[in-house]
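I have placed the structure first, in the form of structure tokens, so that the comments after it can refer back to it.
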Amino acid sequence: AVVSTQSTGGANLCNTYFDFKDGVDTKEHNSDPTLVEKILSEEQILNAAWLCFAFSMMFFGSGVVFMGRAHLVPYILFFKGMIVGFNYSGGFRFKHHCLGELVVYSIFGPTIALFSYSCLSKGLFSWLVFIAASPLGLLAAAVLLANNIRDAGNDLKSGVHTVANRLGLKKSLEIYSGLLLLPYLQITGLVLLYERHYALLLTWTVAPFSLYCAVRPHLQGVTTAIADMFPLTLSHYHLVGAVYLGLLTYCMH
């Protein structure tokens, strides 16, 4: 958990730095005012990012000692997370090439879960863990897509090509709805496939909120819905994610 938190923190700080350098965050429009309002300097943000990555590598090194010998899976997942996290907004700039949602799904879904599992199991890989973590990745991708739908025009002016400004509003909203609702089908499929952990089906108790978020742009009008789509989707992520993780933890005991 500490390794994942430090790596994610480093990636977020890099995103703050490169969004400012690339003109994505400006005084007129920004999602992170840290550099725009000079709360911190560029050097401080970069130093903090490298420090997070350094701590992540240090704690991972400690974990390697715990595992006792070299196991390929944790190494692959660790360095994949580090490299992709940096290149999300720096280096290759995945977010500039319509790959932001895919990266967020991968990192906040299967990658973090598999990394934790492989470390605790001393190098094992599990498709069950991959499938179980996938709904969380989809929920996280929905948060990013909601942000990109809101910022579609500004991103395009800054040269950032996202799913939202490449596919257009209609198709983006369809994908958004799918990202909110597909996790329930995945969870149901997980229960039916393994014929156990039926308590996970209680995640459906929060499905009405997901359905509301999915159809809201069509019922209230796109302009009204987009204005607060991001905070609503973030709240949805926290609620559904907490319920699902709580039930998942219960089923594991």
Identify the single condition in (1) at positive phi; (2) in contact with a Lys or Arg (Cβ under 7 Å, 6 or more places away or on another chain) that LYS122 does not satisfy, given that it satisfies every other one.
(2)
Output for Cβ contacts, cut-off 6 Å, separation at least six or different chains, first residue touching a residue at least 24 places away in the same chain (Cβ under 8 Å) in region 71-89, second open to solvent by 60 Å² or more (accessible area, probe 1.4 Å), reads VAL73/PHE125
Taking the stated definitions as given, is ILE76 β-branched (Val, Ile, Thr), modelled with pLDDT of 90 or more and surrounded by fewer than 19 Cβ atoms within 10 Å (Cβ to Cβ)?
no
When you scan region 208-215, do you find a residue that is out of contact with any helix residue (DSSP H, G or I) (no Cβ under 6 Å at 6 or more places or on another chain) and of a type in the set (S, T, N, Q), even just one?
no
May I ask you to list the residues in region 167-207 that are loosely packed, with under 14 Cβ neighbours inside 10 Å and hydrophobic (A, V, I, L, M, F, W, C)?
LEU185, LEU192, LEU193, ALA199, TRP204
Here are some residues: LEU124, LEU102, LEU120. Which one is of a type in the set (A, V, I, L, M, F, W, C) and at pLDDT 90 or above?
LEU102
Restricting attention to region 16-39, does a residue exist that is in contact with a Cys (Cβ under 7 Å, 6 or more places away or on another chain) and assigned to a helix (DSSP H, G or I)?
no
The number of residues in region 18-36 that are within 19 Å of the chain's Cα centre (by Cα) and open to solvent by less than 20 Å² (accessible area, probe 1.4 Å) is 1
Within region 95-104, tally of residues that are open to solvent by less than 50 Å² (accessible area, probe 1.4 Å) and assigned to a helix (DSSP H, G or I)
6
Show me the helices (runs of 4 or more DSSP H) entirely contained within region 138-253 in which 2 or more residues are touching a residue at least 24 places away in the same chain (Cβ under 8 Å) and under 20 Å from LEU128 (Cβ atoms).
169-194, 229-252
Can you spot a residue in region 180-203 that is under 18 Å from ASN148 (Cα atoms) and at pLDDT 95 or above?
yes
If we ask which residues in region 208-236 are under 16 Å from LEU181 (Cβ atoms) and open to solvent by less than 60 Å² (accessible area, probe 1.4 Å), their number turns out to be 11
Inside region 237-253, the number of residues satisfying the requirement of being open to solvent by 40 Å² or more (accessible area, probe 1.4 Å), modelled with pLDDT under 95 and touching a Leu at 6+ places or on another chain (Cβ under 8 Å) is 1
For TRP127: the one exception among (1) open to solvent by less than 30 Å² (accessible area, probe 1.4 Å); (2) farther than 21 Å from HIS29 by Cα
(1)
Is one or more of the residues making up region 37-51 at pLDDT below 90, more than 18 Å from THR8 (Cβ to Cβ), of a type in the set (Asp, Glu) and open to solvent by 70 Å² or more (accessible area, probe 1.4 Å)?
yes
Taking region 1-17 and the residues there that are open to solvent by less than 30 Å² (accessible area, probe 1.4 Å) and over 19 Å from VAL143 (Cβ atoms), the one that is farthest from the chain's Cα centre (by Cα) would be VAL3
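The values are calculated or read from the model by the stated rules, or taken from the named source; none is laboratory data. Predicted, not measured: the structure shown is a model, and the values here were computed from it. Cβ sites come from the backbone with ideal geometry, for glycine too, and all protein chains shown count toward neighbours. With ligands, DNA and RNA removed, areas are computed over all heavy atoms of the protein, side chains included. Shrake-Rupley method; radii C 1.70, N 1.55, O 1.52, S 1.80 Å.
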